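Worksheet: the structure to be examined is printed underneath.
Values quoted throughout were computed directly from the atomic coordinates according to the rules given, and no laboratory measurement underlies them. What you see is a predicted model, and the numbers here were worked out from it, not measured in a lab. So basically every Cβ, Gly included, is an ideal-geometry build from the backbone, and we count neighbours across all protein chains shown.
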């Protein structure tokens, strides 16, 4: 089941342009290769960038055994299969809570004034791990976030935010040794892109980096929704990145199949 976004904090789309972007993005996953997941990274406007390749065969841990052939792995097994050093955790409201010691797929996540360990629902952790090459392609190795798992209501409502379930994280700052440090508040350029060209024409190199990241993440099929400054004023300084629960994801079998294939290949 795919839930369509309605309402605030990631649950509405405004106008025909955003709706068409959402529909087009549903049709952009292309599978190639035996050992990997290739996401043909069509941005949410339909412009294809084939630079986003996630080759799970090169990072699969042999703990994900071929005995799972023919069925979907649990999210935990998939996460461990990707080599993520996670621990089981307990967190109120989180269906499958995991504790991440900062690093997901070679990207280090650090919170503002928060513990070094990151608590997320496994589904979001897995999506971030698979999406790591999108960050690496832009020279990003470190990310600062504000809210991850946090029990709270959506602003102005009595409904719990998806942060309350460990399914959302707010990303503010992106850094790399060569890249330097970019912030959504200071470097993201609003109003770019349309249905024929997601990137648009950024005026700065920093703006181009952040726009490329936005386009790839928002069209990767790994996340339920990505929100940023173009959505509303509440998101002026961050990307709100949100995943579906593992039980509701249509890509479970695909991820499991590629992980198992990679495990079998590594075992020979």
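Using the alpha carbon gyration tensor of the stretch 94-136, what are the three equivalent-ellipsoid semi-axes (square root of 5 times each eigenvalue), largest first, in whole Å?
Details: eigenvalues 55, 43, 9 Å².
For the stretch 94-136, the ellipsoid semi-axes come out as 17, 15, 7 Å.
Can you work out D for the stretch 135-268 in µm² s⁻¹ from Stokes-Einstein, where Rh is the Kirkwood radius over C-alpha pairs, the temperature is 4 °C and the viscosity is 1.567 mPa s?
78 µm²/s
Highest mean first, what order results for 87-98, 247-258 on Cβ atoms within 10 Å?
247-258, 87-98
Arrange the peptides 163-171, 135-143, 179-187 so that the one whose residues have, on average, the most other Cβ atoms within 10 Å appears first.
163-171, 135-143, 179-187
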